[in-house]
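What follows is calculated from the coordinates using simple rules that are stated; it is not laboratory data. Predicted, not measured: the structure shown is a model, and the values here were computed from it. Virtual Cβ from ideal backbone geometry, glycine too; neighbours counted across all protein chains shown.
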Amino acid sequence: MDIFSTMKISASALKAQRLRLNAISSNLANIETTRTPDGGPYRKREVVFQSTSLGFADALDSRMRDAAQGVKVSHVQASNRPPLMVYDPDHPDADEQGMLAMPNINLVEETADMMSASRAYESNVTVIKSAKRMALKALEIGR
């Protein structure tokens, strides 16, 4: 695998992790949202990744050498977890029994996911910086 393939793979991972961080921040921002335009409480957003080839030239090159692929976000889906029901008869969105449907979002789980996505992002930035340094060192060899 050459340096540019390494950079392309890491760049695709950077984009995917950025979208994951956006979904996590949306989840955290709406952790108390009980009413949405779709009706009902906010539903947690989950990012689904998918491996992908990097184009025709890269596919041709991968057939001749190692198979290099990238990652992309396949789609962002709403969680299928049922909402949390809490007793709050004073809330305007509560039903006749005083039960309020709250988003089923765990703060600790979202924080752990955010830390994981941040570390993955940082790792891919480090890979790109290392590949750049190797390319510059290779150019210095010719001097």
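Here the spin labels are modelled as points 7 Å beyond Cα on the Cα-Cβ line, and at His75 and Leu19 they lie 1.2 nm apart. With the charge dipole of the chain set up from +1 on Lys and Arg Cβ and -1 on Asp and Glu Cβ about the Cα centre, the Cα lying farthest toward the positive end among the listed residues Gly142, Thr34, Thr6 is that of Gly142.
Largest mean-square fluctuation among Leu14, Leu28, Leu107, in a Gaussian network model of the chain whose springs join Cα atoms under 10 Å apart, belongs to Leu107. Applying 1/(1 + (r/R0)^6) with R0 = 35 Å to the Cβ-Cβ distance of Thr111 and Ile3 gives a FRET efficiency near 0.50.
Out of every Cα-Cα pair that the chain contains, those further apart than 17 angstrom amount to 69 percent.
Rounded to the nearest 20 debye, the dipole magnitude of the chain is 1200 debye, with +1 charges on Lys and Arg beta carbons, -1 on Asp and Glu beta carbons, and the Cα centre as origin. With K and R counted +1 and D and E -1, the other residues having a Cβ less than 15 Å from that of Ser26 yield a net charge of -1.
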